[in-house]
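**Student:** After the structure tokens below, expect a handful of questions from me.
The values are calculated or read from the model by the stated rules, or taken from the named source; none is laboratory data. Every value quoted in this text rests on a predicted model; they were computed, and no experiment measured them. Positions of Cβ are generated from backbone atoms using ideal geometry, with glycine treated the same way; all protein chains shown enter the neighbour counts. Heads up: the accessible areas ignore ligands, DNA and RNA and are worked out on the full protein's heavy atoms, side chains in. Shrake-Rupley method; radii C 1.70, N 1.55, O 1.52, S 1.80 Å.
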Amino acid sequence: MRTNLVVVPRWPVVAAHAAALVALPSGLWRIGLVLGFPLGYTEEGLRALLGTGAAGPAYLVALSVLTEGAGLLTLGLVRPWGEVVPRWVPYAGGRVIPRRAVLAVAWAGVVVLAVLWTPFLFWWAVPHGDMTATGHLLVGFVYLPLVTWAPLLAAVTLAYQRRTR
């Protein structure tokens, strides 16, 4: 990979792709819930989660799309479009993205992700009455990859920071 004629080492590229993929299991699980599969919830628990209208399912779909989109943004730290806006983007195409802005957003993302997902390390220690025992186990495993998101993003951000110095 090349960015501004600087070769991006392989490990940050692999880490960036891994960061983009860690949100996929939980997103697919949420989409399954929206499609009506209980996926570990009791009937009452699923009804409580989804609600009676379209707001609950719309929220879960939006959360899945936004989470995966945020994960995909990690690729910008190892791709040219993370340093220069692609030409096809109206009004901004070809502009250099300020390094400090990229780093500020990326490091803020590391902090937010660490605060948000690290508690899932303790998922199995917390009872969830609205889930079956198998569901509790399943949800733990589909959310557990998210715990790795912050360290992966930190590693890729540090590589970007050093490479663009």
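**Student:** Accessible surface of H17 in the full protein assembly, 1.4 angstrom probe, to the nearest 10 Å²?
**Tutor:** Its accessible surface works out to 70 Å², give or take rounding.
**Student:** Right, here's the next one. Using a 1.4 Å probe over the heavy atoms of the protein chains, calculate the carbon and sulfur portion of the accessible area of the chain as a whole percent.
**Tutor:** Carbon and sulfur: 73 percent of the exposed surface of the chain.
**Student:** Counting other Cβ atoms within 10 Å, keep those with at most 16, restrict to DSSP loop, and tell me which chymotrypsin sites (Phe, Trp or Tyr not before Pro) in the range 75-125 are left.
**Tutor:** Within the range 75-125, the qualifying chymotrypsin sites (Phe, Trp or Tyr not before Pro) (loop, at most 16 other Cβ atoms within 10 Å) are W88, Y91.
**Student:** A further question follows. Which of G40, G140, G94 moves the most in a Gaussian network model of the chain with Cα springs under 10 Å?
**Tutor:** The residue with the greatest mean-square fluctuation here is G94.
**Student:** In the neighborhood of A101, defined by Cβ-to-Cβ distances under 13 Å, what is the net charge if each Lys or Arg adds +1 and each Asp or Glu adds -1?
**Tutor:** Surrounding charge for A101 is +2.
**Student:** Could I ask something else about it? Provide the FRET efficiency to the nearest 0.05 for the A108-R87 pair, computing r from the beta carbons and using R0 = 30 Å.
**Tutor:** That gives a FRET efficiency of 0.60.
**Student:** Follow-up. Per the helix-only calculation at 222 nm, which mean residue ellipticity applies to the chain, given -39500 (n - 2.57) for every DSSP H run of n ≥ 4 and division by its residues, nearest 500 deg cm²/dmol?
**Tutor:** After summing the helix terms and dividing by the residues of the chain, the value is -18500 deg cm²/dmol.
**Student:** Name the residue, out of P127, P90, P119, whose mean-square fluctuation peaks in a Gaussian network model built on the chain with Cα pairs under 10 Å.
**Tutor:** Maximum among the listed residues: P90.
**Student:** Using a Förster distance of 22 Å, how high is the FRET efficiency between A62 and L24, based on the Cβ-Cβ distance and rounded to 0.05?
**Tutor:** Computed FRET efficiency for A62 and L24: 0.85.
**Student:** Might you work out the accessible area of F141 for me, using a 1.4 Å probe with all protein chains in place, and round it to the nearest 10 Å²?
**Tutor:** 120
**Student:** Take the Cβ-Cβ distance between L75 and T132 as r, set R0 to 35 Å, and report the resulting FRET efficiency rounded to the nearest 0.05.
**Tutor:** 0.45
**Student:** L158 versus R100, label points 7 Å from Cα toward the beta carbon: distance in nm?
**Tutor:** 2.4
**Student:** In the set (1) 11.9; (2) 11.2; (3) 9.4, which value of mean projected area of the Cα convex hull in nm² was calculated from the structure you see?
**Tutor:** Step by step, mean projected area of the Cα convex hull in nm² for this structure corresponds to label (2).
**Student:** Might you tell me the accessible area per residue for the chain, computed with a 1.4 Å probe and given in Å²?
**Tutor:** In whole numbers, the chain has 59 Å² accessible per residue.
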